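The values are calculated or read from the model by the stated rules, or taken from the named source; none is laboratory data. Worth saying up front: this structure is predicted, and the values here are computed from it rather than measured. A quick note on method: Cβ atoms are made from the backbone with ideal geometry, for glycine too, and the neighbour counts reach across all protein chains shown. Side chains included, ligands, DNA and RNA excluded: accessible areas come from the protein's heavy atoms. Shrake-Rupley method; radii C 1.70, N 1.55, O 1.52, S 1.80 Å.
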Amino acid sequence: MNKYEKLANIIFPDVTETIDDLEKRYPARNLPEGAEVTRFAPSPTGFLHLGSLFTSMVARKVAFDTKGVFYIRLEDTDTKREVSGSGKDLLVQLNHFGVTPDEGYLGDEESGEYGPYKQSDREHLYRTVIKSLMLRGRAYPCFCTAEELDEIRKEQEANKEIPGYYGKFAKYRDLDVDEAIARIQNGDKYVIRFRSEGDHNNKVTFHDEIRGDIAIAQNDQDIVILKGDGLPTYHFAHACDDHFMRTTTVIRGEEWISSTPIHLDLFEALGFKLPKYAHLPVIMKIDNGSRRKLSKRKDPEASVAHFIEVGFPVESLQVYLMSIANSNFEEWTASSNSFNPDEFKFSFSKMSLDGVLFDQDKLNFFSKELIARFTAEDLYSRILEWSEKFDHEFYNQIKDKKDYVTAILNIERGGEKPRKDYAKYSDIYPIIRFFFNDQYEEITANGYPFNELMNKTVIAEVLKDFAQSNDYSLGSDVWFGSVKELSTRHQFAENNKMYKANKEAYLGHSGDVAEMIRVALTGSKNSPNLYFVIQILGKEEVNRRINKAIEKLS
């Protein structure tokens with residue numbers, strides 16, 4: 001028994017399997033040529049970030065396009081930062097946006113032959129791999145205390161040297177094996193570190209699927225691979241899991257580029273086939289004239305839950321993020337008349353190399369276009385489901401009025417130029433609430449926003465005439481003609497052009513008359529198409545509101 005074997009057996013006496021055993025347990029996947037295996041590997045440390053949704057969508061898309069496998073792995077080894085229940089919450093939000101895995105961690109259960117898919121349940125696998133490293137002298141116990149590590153850091157700062165645990169600063173790297181065994185048997189606390197053979201003065205080159213070849217300093221850090229609590233660190237667990245789950249392409253944010261030399265070093269030392277890497281651009285925003293990453297603390301749009309709560313349709317965020325992912329997506333939507341990302345062929349070559357700015361206006365544009373395509377019945381079902389969770393007042397107004405609300409939502413829907421008033425479900429109630437009598441009363445409780453330059457007596461006379469003369473059987477074009485006739489009866493021009501040509505002859509124009517009617521019926525100068533408002537309210541309610549407005553004018 002050599003000295004490394006003795007040390008490894010003392011630390012891992014229960015580990016009898018080898019890497020070869022693991023290779024047999026997790027064989028290469030039987031997939032068609034070119035099929036990609038991708039993953040999304042969140043940590044249960046809080047809410048789902050917009051950037052994480054972006055990453056997961058791209059990972060799923062790559063697997064979907066190549067008839068491969070997309071799986072979810074929960075990286076829950078950082079127990080200090082774990083937020084109870086957040087793993088399941090992440091899945092719910094991913095599922096809400098159509099990011100459903102082919103296999104992996106599913107909350108209360110798992111699906112797939114390459115699990116467990118929670119890192120905390122894969123401890124035996126990590127211990128097996130680490131023992132194999134120790135047997136070859138590529139891993140060792142480190143007994144550094146917090147005070148010793150702080151001293152190393154201070155020395156490096158004072159001498160302006162690269163920080164970390166490497167080379168001459170790797171205090172326990174060459175500790176005699178017998179002494180290490182004695183300390184372990186004495187109960188001294190320790191971690192396991194990887195023994196790197198790199199040199200930060202040399203470069204290592206790897207190919208990025210988005211950015212091409214990247215040359216970066218080699219790793220020479222003896223990173224911790226097994227913590228004192230017996231759980232692996234992210235870097236080590238990632239290497240083991242991506243190998244034994246047979247990931248072909250690791251898709252992640254560009255902030256991980258600087259860590260890639262560590263991963264290359266680990267894969268080489270372990271003799272594992274290196275996966276391909278694709279580092280996505282980070283989603284940023286402009287703040288005081290400068291770009292910065294979306295902040296969980298400062299920016300509500302950093303959280304995916306925000307978009308759910310304010311009522312953006314699932315498809316809106318999918319389409320918006322795909323437009324970030326590929327520069328030709330908007331051109332494709334225009335030519336194909338489709339907003340379904342699954343029909344679009346994704347390409348890493350069409351991705352931005354730099355951080356992309358979050359564009360609220362662009363998201364609103366896509367969302368308005370999409371909502372305008374929904375049928376009124378579909379939109380009603382969507383807002384009913386959304387409002388039950390996030391806007392109880394709205395829900396109580398619409399839950400028993402399907403036909404009435406559907407008629408409201410159907411105003412100028414369909415046709416070549418549908419109305420595009422709504423970017424999200426929370427936009428709808430403020431625009432249509434006047435249709436509900438209790439809300440109309442609340443809106444007009446303090447009066448009406450009539451044009452202050454108009455004589456109140458004239459407004460009252462116009463409204464009274466409208467109530468008596470309006471013909472509810474007319475089509476929209478003919479009806480607007482009747483408004484012009486109403487206008488001329490009260491010394492208003494038929495249109496603005498006539499009024500501007502001879503202002504002394506008129507009190508205003510037909511647009512002013514339409515505004516009077518609109519204000520009386522809705523309590524606002526802005527509303528959906530006035531003709532349809534009148535048709536939906538009906539004669540009895542129209543006259544009641546007109547009479548109430550006249551009373552307020554007196």
Angle in degrees between helix 530-553 and the longest Cα principal axis of the chain, rounded to the nearest 10: 70
Helix axis angle, 123-135 relative to the chain longest principal axis, alpha carbon, degrees: 40
Per residue, in Å², the accessible surface of the range 181-245 once ligands and nucleic acids are set aside, probe 1.4 Å: 42
Å² of accessible area per residue within the range 295-421, as computed with a 1.4 Å probe and no ligands counted: 50
Net +/- balance of residues flanking residue 440 in space, Cβ distance below 11 Å, scoring K and R +1, D and E -1: 0
From the C-alpha gyration tensor of the range 418-508, square roots of 5λ in Å: 28, 18, 16
P(r) histogram, all alpha-carbon pairs of the range 208-247 included - 5 Å bins from 0, percent: 6, 17, 16, 19, 25, 12, 4, 2
Sum of -39500 (n - 2.57) over DSSP H runs of 4+, divided by residues of the chain (222 nm, nearest 500): -14000 deg cm²/dmol
Rg ratio (alpha-carbon, reference 2.2 N^0.38 Å) - the range 323-453: 1.35
Magnitude of the charge dipole, the chain, Cβ model with Lys/Arg +1 and Asp/Glu -1, debye to 20: 960
Whether the range 461-506 is rounded, prolate or oblate, judged on the alpha carbon gyration tensor where a/c under 1.5 counts as rounded: oblate
Normalised contact order of the range 402-538, rounded percent, pairs of Cα under 8 Å and 6 or more residues apart: 28
Proximal lysines to residue 80, defined as alpha-carbon separation beneath 28 angstrom and excluding residues fewer than eight positions away on the same chain: 88, 118, 131, 154, 171, 189, 227, 293, 296, 298
Folded to 0 to 90 degrees: helix 510-522 orientation relative to the chain principal axis, Cα: 70
Viscosity 0.692 mPa s, temperature 37 °C, Stokes-Einstein D of the range 78-196 from Kirkwood C-alpha radius, µm²/s: 182
Cross-link partners of residue 368 among lysines (Cα-Cα below 23 Å; sequence separation of 8 or more within a chain): 285, 389, 402, 417, 420, 424, 525
The range 169-234 and the range 502-554: distance between their alpha carbon centers, rounded to Å: 76
The chain - percent of accessible surface contributed by carbon and sulfur, probe 1.4 Å: 47
Check: the range 218-262 dipole with +1 on Lys, Arg Cβ and -1 on Asp, Glu Cβ, in debye: 160
Options 303, 321, 335, ranked by Cα towards positive dipole end of the range 281-368, top entry (Cβ charges): 303
Positive minus negative residues near residue 418 (Lys, Arg vs Asp, Glu; Cβ under 9 Å): +3
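Could you give the accessible area per residue of the range 1-141, probe 1.4 Å, as a whole number in Å²?
Values: 6320 Å² over 141 residues.
Per-residue accessible area for the range 1-141 comes out at 45 Å².
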[x] 0.93; [y] 1.16; [z] 1.37, with the label sought being that of the calculated Cα Rg over 2.2 N^0.38 Å: [z]
Largest-first principal axis extents, alpha carbons of the range 52-111, Å: 38, 22, 19
